[in-house]
Amino acid sequence: METSDIIPTLRFPKSRGRNRWVVSTIGEIFESLPTASYSRAYLSEEGSIGYIHYGDIHTKYNSYIDLSKVKLPSIPVELKKKYRFVKDGDLVLTDASEDYLGIGKAVEIINVGKHKTICGLHTILLRETQHVFCVGFKTYLFQSPTVKKQIERLSVGFKVNSISYNAIKDIRIAYPDNKQEQEKISKCLQTIETEIRANVVALNKMLQHKKALLQNLFPQRGEVTPNKCFNDSDKKEGWRIKFGGDLFYPVSNKNHQFELPILAISQGKGAIPRDEINYRVSVSEKSIEGYKVVEVGDFIISLRSFQGGIEYSRYRGLCSPAYVVLRKKTDNLYDDFYRHYFKTTRFIQDLTRNLEGIRDGKMISFQQFSEIRIPYPSYEEQQKIADILTSLDKIIELKKRKIELLKLQEKGLLQQLFPQSE
């Protein structure tokens, strides 16, 4: 353990020029305690001993686990071995992940009280031996870019990356020797983390609201009218039902001079110019000769049918001949209505029943699409439903963008509040 002249880019006013940063190693500050290895199938909702599962660290918790507020799975019987119960301030790391970002994810334990809890499979339990950190600081220390890079370099494995205490104990860590500066760093990062969490909760509520709308605005299987109907004639007589081939026809226009952008057929954004999503695939002029022209308002049958294999194009461009391009047979089809309908669970289920297996994916032919029964309500009904869903989608996209920006801000703060090199 040694003091160092290294300092982060961003410091709080009263910390500048006063508090030194200390360089140490994980092994000098923490000891590793034994963890259990019970699988998820062994756990119970009832029991006197809580169990921290590594999968929950990956999916449920950000920087800490507040044992006074969470309901952990439990060990249903007496422990066969003596494990150390967690204490306030303990740090729990995941020792395995399918990607580098999840390796060594750390959460701090707080408000243990009388909750007897052990750590489980694929976790590393660290406990301070030097008591140099304030509550809440350690987890951000392990999220700092320098520490994460060292952990990533040490991870091993092919499909699942993993680490061990012996592998990480020599990792060098830097921290301010003044706990007040640690507290300021923690509070700063906690503030933005809390905002991110609140926005994620709001986003999930919006997505649930959209799911409920889809169930109410479209007929369920075996029904001809939805729960919510706007047009009186549609409500009274029920929605008309047509076959896909009655509403759309395939087009294969290859008459172009390479002047159009090549479109990527994506699940999230539909048909979009490759340049806009940094999709770089080299294609020869000869191969482009066989590409199909896609007009604004066309639908494209993609191969990834399990996610809803019909994508909409707001662009004029070219797509691979592997795709089937669909065009409306009548102007009485409101684009956004069918853009939303082709993503409903009911349509995807209908689509799945009409598939041909091909290699690792699924291919949908126009013939199969043409035999699927598709709702055809009045144009006014289509427009009303589509406008509601499109407005909600815009709000959802704004919320997603806000979360992305907050995460970028959090990443930037981590880079500036901790030293980048020793």
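Quick check, is THR25 open to solvent by 10 Å² or more (accessible area, probe 1.4 Å), among the β-branched types (Val, Ile, Thr) and at pLDDT below 90? Break it down into steps so the answer makes sense when it comes.
Details: open to solvent by 10 Å² or more (accessible area, probe 1.4 Å): yes; among the β-branched types (Val, Ile, Thr): yes; at pLDDT below 90: no.
No, not satisfied.
Could you tell me whether SER37 is small (Gly, Ala, Ser), touching a residue at least 12 places away in the same chain (Cβ under 8 Å) and surrounded by fewer than 19 Cβ atoms within 10 Å (Cβ to Cβ)?
Values: small (Gly, Ala, Ser): yes; touching a residue at least 12 places away in the same chain (Cβ under 8 Å): yes; surrounded by fewer than 19 Cβ atoms within 10 Å (Cβ to Cβ): yes.
Spelling it out, SER37 is indeed small (Gly, Ala, Ser), touching a residue at least 12 places away in the same chain (Cβ under 8 Å) and surrounded by fewer than 19 Cβ atoms within 10 Å (Cβ to Cβ).
Test GLU259 against the criterion of being in contact (Cβ under 8 Å) with a residue 60 or more places away in the chain and open to solvent by 70 Å² or more (accessible area, probe 1.4 Å), and give yes or no.
So GLU259 does not fit the description; no.
With the requirement that a residue be closer than 18 Å to ASP95 by Cβ and not basic (Lys, Arg), what does the stretch 50-62 give you?
In the first step, residues of the stretch 50-62 are kept if they are closer than 18 Å to ASP95 by Cβ; the result is 51-61.
If the condition is that a residue be closer than 18 Å to ASP95 by Cβ and not basic (Lys, Arg), then TYR51, ILE52, HIS53, TYR54, GLY55, ASP56, ILE57, HIS58, THR59, TYR61 are the ones that fit.
Go through the residues of the stretch 334-343 one by one and say whether even a single one is open to solvent by 80 Å² or more (accessible area, probe 1.4 Å), in a helix (DSSP H, G or I), at pLDDT 95 or above and more than 16 Å from LEU213 (Cβ to Cβ).
Within the stretch 334-343, the first condition is being open to solvent by 80 Å² or more (accessible area, probe 1.4 Å), and the residues that meet it are none.
No: zero hits.
Among what's in the stretch 113-127 and is more than 16 Å from PHE142 (Cα to Cα) and open to solvent by 10 Å² or more (accessible area, probe 1.4 Å), pick the residue that is modelled with the lowest pLDDT.
Selected residue: LEU121.
Please specify each residue of the stretch 248-268 satisfying the condition of being of a type outside the set (Phe, Trp, Tyr), at pLDDT 85 or above and touching a helix residue (DSSP H, G or I) at 6+ places or on another chain (Cβ under 8 Å).
PRO250, PRO261, ILE262, LEU263, ALA264
Of everything in the stretch 269-319, what is among the polar types (S, T, N, Q), more than 23 Å from ILE372 (Cβ to Cβ) and modelled with pLDDT of 70 or more? Give them in sequence order. Show your work before the answer.
We begin by selecting, within the stretch 269-319, every residue among the polar types (S, T, N, Q); these are 278, 282, 284, 287, 302, 305, 307, 313.
Then keep just the ones that are more than 23 Å from ILE372 (Cβ to Cβ); that gives 278, 282, 284, 287.
Of everything in the stretch 269-319, just one residue is among the polar types (S, T, N, Q), more than 23 Å from ILE372 (Cβ to Cβ) and modelled with pLDDT of 70 or more, namely SER287.
Under the condition of being more than 15 Å from PHE30 (Cβ to Cβ) and without any contact (Cβ under 8 Å) to a residue 40 or more places away in the chain, which residue from the stretch 128-156 is most open to solvent (accessible area, probe 1.4 Å)?
The extreme case among them is ARG153.
Provide a single number: the residues in the stretch 311-320 that are open to solvent by less than 60 Å² (accessible area, probe 1.4 Å) and part of a loop (DSSP other than H, G, I, E, B).
1
Yes or no, residue by residue, for (1) open to solvent by 80 Å² or more (accessible area, probe 1.4 Å); (2) hydrophobic (A, V, I, L, M, F, W, C):
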| site | (1), (2) |
| --- | --- |
| ASN161 | no, no |
| ASP170 | yes, no |
| LYS187 | yes, no |
| ASN199 | no, no |
| PRO219 | no, no |
| TYR249 | yes, no |
| LEU263 | no, yes |
| GLY270 | no, no |
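Please work out if VAL70 is in contact with a Cys (Cβ under 9 Å, 6 or more places away or on another chain), among the β-branched types (Val, Ile, Thr) and at pLDDT 90 or above.
Criteria not met by VAL70.
If you take the residues of the stretch 103-130 that are within 25 Å of the chain's Cα centre (by Cα) and small (Gly, Ala, Ser), which of them is nearest to ILE52 (Cα to Cα)?
Among those residues, the one meeting the criterion is GLY120.
If I go through the stretch 144-196 residue by residue, how many of them are among the hydroxyl-bearing types (Ser, Thr, Tyr) and under 22 Å from the mean Cα position of the chain (by Cα)? Let's see the steps before the verdict.
First, pick out the residues of the stretch 144-196 that are among the hydroxyl-bearing types (Ser, Thr, Tyr): 144, 146, 155, 162, 164-165, 175, 186, 191, 194.
After this cut, where a residue has to be under 22 Å from the mean Cα position of the chain (by Cα) as well, the list is 144, 162, 191, 194.
Residues flagged as among the hydroxyl-bearing types (Ser, Thr, Tyr) and under 22 Å from the mean Cα position of the chain (by Cα) within the stretch 144-196 amount to 4.
With the structure loaded, tell me whether GLN415 is assigned to a helix (DSSP H, G or I) and modelled with pLDDT under 95 or whether it fails that test.
Values: assigned to a helix (DSSP H, G or I): yes; modelled with pLDDT under 95: yes.
Considered against the rule, which asks whether it is assigned to a helix (DSSP H, G or I) and modelled with pLDDT under 95, GLN415 comes out as yes.
Could you list, in sequence order, all residues of the stretch 56-78 that are surrounded by 12 or more Cβ atoms within 10 Å (Cβ to Cβ) and more than 21 Å from ILE196 (Cβ to Cβ)?
Across the stretch 56-78, the qualifying residues are LEU67, LEU72, PRO73, SER74, ILE75, PRO76.
Return the total of residues in the stretch 362-392 being in a helix (DSSP H, G or I), open to solvent by less than 30 Å² (accessible area, probe 1.4 Å) and polar (S, T, N, Q).
4
Let me confirm something: among ILE395, ILE403, which residue is open to solvent by less than 30 Å² (accessible area, probe 1.4 Å), modelled with pLDDT of 90 or more and at negative phi?
Details: ILE395 fails: open to solvent by less than 30 Å² (accessible area, probe 1.4 Å).
After applying the criteria, what remains is ILE403.
The values are calculated or read from the model by the stated rules, or taken from the named source; none is laboratory data. Here the structure is a predicted model, which is why all the values come from computation and not from measurement. No Cβ is skipped: glycine too gets one built from the backbone with ideal geometry, and neighbour counts run over all protein chains shown. Please note that ligands, DNA and RNA were not included when accessible areas were found on the heavy atoms of the full protein model with its side chains. Shrake-Rupley method; radii C 1.70, N 1.55, O 1.52, S 1.80 Å.
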